[in-house]
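Structure record follows, encoded as structure tokens.
The values are calculated or read from the model by the stated rules, or taken from the named source; none is laboratory data. Keep in mind that what you see is a predicted model, and the values were worked out from it rather than measured. No Cβ is skipped: glycine too gets one built from the backbone with ideal geometry, and neighbour counts run over all protein chains shown. These accessible areas exclude ligands, DNA and RNA; they are computed on the full protein's heavy atoms, side chains included. Shrake-Rupley method; radii C 1.70, N 1.55, O 1.52, S 1.80 Å.
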Amino acid sequence: MNGKIYLIPGALAGTEQKFYQPLIDVIKESYGDWPVENLRAGEDWDPAEFADQIREDNAEKKVLICISLGALVGNILANDEDTDVYYVCPYLGVDSVRRNSAVSIFRGVINVMMSIIMFISKPFKKHRFWPLFGGTKPDGWFLSIYAIARQYKAASTNAGITKNKVDGVVYSLGDKIVDPDVAASLTNYAAGASRGSGEYPKHANFRPDKVGRFLLRAFSKTPLSSFSSDGEAYRKAFSSVVEASLRNKASNSTL
């Protein structure tokens, strides 16, 4: 079968793709050694446009790994027969966040601030003069300040969005942003990520251990090569939901 894997990160487009590779490997082992496209924002960020782009792909089978705000893309495609959708820490608007999350508490302020930033930065969104207007650039891709602001504005809106069922979800009880109960309700195959110590990872944390925040790493001279303990916890949980989902599909196909 002709298939394709889509990786769709969320706000700031996450970390370098190499840190998501274990998730991609899980899909390849389960579905096939298919090509991967990292569907990151560039000068803009529009879930509906990303969904249209995926639908236009002529692959017989498409598998989406949607991380955090990337779930807004997966939610659009969840009912497509040729597409399987998996979430890690799915963010589907303010109804999916914890009540004590800063996004929930300050949503109105965030919305106004991001609208202002979008208005100011839109004329410069094609400029790549990092970091003034070029956004973040960890491994050669371009993300504008406009696209970043648009993502955060989406994070403070989308109240009451219709949440479609997907093939599998990974969440964490240590997530301070996404409500684990809401995340688990999006599928019949949900698993909580947990470290071997019994502690829980943060929200969609794939950054290497003992390394600073995303933007600060751009100035670090330390090679980034190790997969984080949080990332490993997400990988194990992700593997379990993919296996459960495919096992159910195989069972149904033999009935």
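Looking across SER104, SER115, one residue alone is at pLDDT below 90, open to solvent by 10 Å² or more (accessible area, probe 1.4 Å) and either touching a strand residue (DSSP E or B) at 6+ places or on another chain (Cβ under 9 Å) or assigned to a helix (DSSP H, G or I) (or both). It is SER104. For region 207-217, the criterion of being in contact with a Pro (Cβ under 6 Å, 6 or more places away or on another chain) and at pLDDT below 80 is met by no residue.
One residue alone among GLU56, GLU49, GLU60 is open to solvent by 10 Å² or more (accessible area, probe 1.4 Å), among the charged types (D, E, K, R), farther than 20 Å from ILE148 by Cα and without any contact (Cβ under 8 Å) to a residue 24 or more places away in the chain, and that residue is GLU56. Here's a check for you: in region 65-93, which residue that is within 15 Å of ALA184 (Cβ to Cβ) and among the hydroxyl-bearing types (Ser, Thr, Tyr) is surrounded by the most Cβ atoms within 10 Å (Cβ to Cβ)? Looking at the filtered set, the residue picked out is TYR87.
CYS66 passes every criterion in (1) closer than 30 Å to SER115 by Cβ; (2) out of contact with any strand residue (DSSP E or B) (no Cβ under 7 Å at 6 or more places or on another chain) apart from (2). Against the criterion of being in contact (Cβ under 8 Å) with a residue 60 or more places away in the chain and assigned to a helix (DSSP H, G or I), VAL73 qualifies. Residues of region 28-46 that are farther than 18 Å from GLU16 by Cβ and either open to solvent by less than 50 Å² (accessible area, probe 1.4 Å) or touching a residue at least 24 places away in the same chain (Cβ under 8 Å) (or both): SER30, TYR31, GLY32, TRP34, PRO35, GLU43, ASP44, TRP45, ASP46.
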